[in-house]
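Readers should treat all values here as calculations from the given coordinates under stated rules, not as data from a laboratory. Quantities reported herein were computed from a predicted structural model and do not represent experimental measurements. Every residue, glycine among them, receives a Cβ derived from its backbone with ideal geometry; neighbour counts consider all protein chains shown.
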Amino acid sequence: MNSGNPAGRSLPSLKSAGRGTATLILGCALVLPLPAAASAKTYLVNGILSATAIGYGFKNLKKKIPGATLFNNMFGGEGTIRRTIVKDIRKRHAANPDEQFTLAGISSGANVVLEVARDVAADGIQIFYLGIVESSGGSLPPNVENADNFICAHRGPLCTMAPVRGANTIRINTSHIDMGDSPIVHNRVVSMAR
């Protein structure tokens, strides 16, 4: 007889054997929402020579980081690139305060990403990772969580070897121009990119 049981089967007795106690076992699934993966954005900024035919810059690195935006820094373009990235970070942060940001720059592009980090520090926006490749030096702003300062291991043409206070210094045995295509730089930036 089907007495409201949708499966058409009789329900088991609620009385357990010999104890006179009713036991009802309900099977249910508790579904809790999982936290969404934090969204992230990576910005890469080439230096002046990196964006020309004589340098690789970060064009090969960009291929390894889905969704990364690459800026080619030409003479006098530092201010425009800086303002563009700062505006985008502020907009994205307003829409999602949990979004994580990665910045990496080479040569004059490294100077740009340091300035971007300083600009957004005034807004309380954290930078998860800052990759600085052969910059003019300086110090990290307080909003940078992780930073590497990649420098030439030996003096050479264009090698600045400038320190960035607060950043982990990594010396690489290559030239300034080839630094943007260094496997050491790529592996570290890709592993830290959000």
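For segment 49-192, what class follows from the C-alpha gyration tensor (a ≥ b ≥ c being the square roots of its eigenvalues): rounded when a/c is under 1.5, otherwise prolate if a/b is larger than b/c, else oblate? Before the final figure, lay out each step's value.
Numbers: a/c = 1.63, a/b = 1.46, b/c = 1.12.
The shape class here is prolate.
Scan around Ala167 for amide H atoms under 5 Å from its own, H built in the peptide plane at 1.01 Å from N, and keep only partners 5 or more places away or cross-chain.
Amide H neighbours of Ala167, under 5 Å, 5+ apart: Leu140.
Residues with amide H under 5 Å of Ile48's amide H, sequence separation 5 or more or different chain, H placed in the peptide plane at 1.01 Å from N; which?
Ser108, Gly109
Just to confirm my numbers, what's the Cα centroid distance between segment 141-161 and segment 73-132 in Å?
17
Using θ = phi - 60° and the Karplus form 6.51 cos²θ - 1.76 cosθ + 1.60, what ³J(HN,Hα) does each residue of segment 125-138 get, whole Hz, x for Gly and Pro?
Working through the residues one at a time gives 8, 7, 10, 5, 9, 10, x, 10, 10, 6, 8, 7, x, x Hz.
Going by how many other Cβ atoms sit within 10 Å of their own, how do Phe58, Phe71, Phe150 line up, fewest first? Before the final figure, lay out each step's value.
Details: Phe58 31, Phe71 23, Phe150 27.
Lowest count first: Phe71, Phe150, Phe58.
Students often check this: by mean Cβ neighbours within 10 Å, which of 84-90, 174-180, 100-106 ranks highest, and how do the rest follow? Don't skip to the answer; put the middle values down first.
Values: 84-90: 17.3, 174-180: 21.3, 100-106: 27.9.
Answer by packing, highest mean first, reads 100-106, 174-180, 84-90.
Report the calculated FRET efficiency for Asn187 and Ala153 (r = Cβ-Cβ distance, R0 = 25 Å), to the nearest 0.05.
It comes out at approximately 0.90.
Label segment 60-130 by shape, choosing from rounded, prolate and oblate, from the square roots a ≥ b ≥ c of the eigenvalues of the Cα gyration tensor; if a/c is under 1.5 it is rounded, and otherwise prolate applies when a/b is larger than b/c, oblate when it is not.
Numbers: a/c = 1.82, a/b = 1.26, b/c = 1.44.
Oblate, because a/c is 1.5 or more while a/b does not exceed b/c.
Rounded, prolate or oblate: which fits segment 124-194 when a ≥ b ≥ c are the square roots of the eigenvalues of the alpha-carbon gyration tensor, with rounded for a/c under 1.5 and prolate only if a/b beats b/c?
Details: a/c = 2.71, a/b = 1.47, b/c = 1.85.
Note, shape of segment 124-194 comes out oblate.
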